[in-house]
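Step one of this worksheet: look at the structure below.
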Number of protein chains: 2
Amino acid sequence: MLHDPAQLDLMFQALADPARRQMVDRLSRGPASVSQLAEPLAMSLSAVVQHLNLLEASGLVRTRKVGRVRTCQIEPKALRAAEHWINERRLSWERRLDRLGDFLAEG
Amino acid sequence: MLHDPAQLDLMFQALADPARRQMVDRLSRGPASVSQLAEPLAMSLSAVVQHLNLLEASGLVRTRKVGRVRTCQIEPKALRAAEHWINERRLSWERRLDRLGDFLAEG
DNA sequence: GAAATAGTTAAGTAAACGCTTCAGTGTTGG
DNA sequence: CCAACACTGAAGCGTTTACTTAACTATTTC
């Protein structure tokens, strides 16, 4: 589910925006309400909610509403999926370089 | 240089587009010319060049022109920087969960 | 040196994005 | 019950993005 390309697409798109990365950064230190997420950002609460909805649609953040406050959490599994995508490509490249090195050393 | 927030911004922005990720994926298997990068993509060569310029500006890809062909390579250091950003946030969250578990286990 | 190749650049366009404001909804405290 | 609180949703607006086409440059090849 997490490795499906559409979800990956949403995740990388979500991470592309500085405000959303700042929100993820804040959430990495612990859960927060929408207002708490909004506090350090120089934009309206409404804008923050829109960013939050994207983050949630991407799977990077899970939220839960109790009473009138929506509490937000990071979803580490989703972060790991994005991490993994990058890691695989980098390793693929580095392994290729290693093989090339071995080949040249054999000469 | 690589951890400067502006560069990180460019990297995540570059990775946000499916076509550009496909190009990175292709390059993870070895160097390629612009035309080779373009071949599997359903868009004009011109569009591919524009994507490539973004990838290069972000630091994710390095290119070098010899004669009339521009050869492209992945820059693993840049991939690692993006990977690292995500990894730090995920670990921060997971460490927090661990401490919480320890605290509850102590009771 | 003419034609094919490989890429570049500029201009234009439609759609997506990131925001704003404003008018709500549901929740809680006094 | 009513005011403050914590969001939510829709409409609108200027900017950026992802393309396109077309005209161009520089290099090979024949």
Next on the checklist: Under the √(5λ) rule applied to the eigenvalues of the Cα gyration tensor, what semi-axes describe the equivalent ellipsoid of the protein assembly as shown? Give them in Å, descending.
Outcome noted: 36, 21, 14
Checklist outcome for this item: Going residue by residue through the range A:59-66, the Karplus relation 6.51 cos²θ - 1.76 cosθ + 1.60 with θ = phi - 60° gives ³J(HN,Hα) values, rounded to whole Hz and with x marking Gly or Pro, of x, 6, 10, 10, 10, 8, 9, 10
Checklist entry - Near the amide H of B:Arg70, under 5 Å away, which other amide H atoms are found, from residues 5 or more places off or on another chain, if H is placed in the peptide plane? => result B:Val34
Checklist entry - At A:Ser44, with labels set 7 Å past Cα in the Cβ direction, how many nm apart are the copies from this one, shortest first? => result 3.8
Checklist outcome for this item: To the nearest 10 degrees, the tilt of helix A:18-28 (Cα long axis) against the first principal axis of the alpha carbons of chain A is 90 degrees
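Is the C-alpha gyration tensor of the range B:1-54 telling us rounded, prolate or oblate? Criteria: a/c under 1.5 is rounded; beyond that, a/b larger than b/c is prolate, otherwise oblate. Kindly include the intermediate steps, with their values, before the conclusion.
Values: a/c = 2.34, a/b = 1.80, b/c = 1.30.
Since a/c reaches 1.5 and a/b is larger than b/c, the shape of the range B:1-54 is classed as prolate.
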Checklist outcome for this item: Taking the range A:48-107, the whole-percent share of alpha-carbon pairs separated by over 12 angstrom is 75 percent
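Kirkwood Rh over Cα pairs of chain A into Stokes-Einstein at 20 °C, 1.002 mPa s: D in µm²/s? Show your work: numbers first, answer last.
Numbers: Rh = 15.5 Å.
Stokes-Einstein gives a translational diffusion coefficient of 138 µm²/s.
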Checklist entry - What are the lysines whose alpha-carbon lies under 24 Å from the alpha-carbon of A:Lys65, with same-chain residues fewer than 8 places away excluded? => result A:Lys77
Checklist outcome for this item: Ignoring ligands and nucleic acids, chains A and B bury, in total, an accessible area (1.4 Å probe) to the nearest 100 Å² of about 3000 Å²
Checklist outcome for this item: Out of A:Ser28, A:Ser58, A:Ser92, a Gaussian network model of chain A with alpha-carbon springs under 10 Å gives the largest mean-square fluctuation to A:Ser92
Item to check | Accessible heavy-atom area order of B:Met1, B:Met43, highest first, probe of 1.4 Å | outcome: B:Met1, B:Met43
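The values are calculated or read from the model by the stated rules, or taken from the named source; none is laboratory data. Just so we're clear, the structure is a prediction, and the values are computed from it rather than from any experiment. Methodologically, a virtual Cβ is constructed for each residue, glycine included, from the backbone with ideal geometry; neighbour enumeration extends over all protein chains shown. All accessible areas refer to the heavy atoms of the entire protein, side chains included, with ligands and DNA or RNA removed. Shrake-Rupley method; radii C 1.70, N 1.55, O 1.52, S 1.80 Å.
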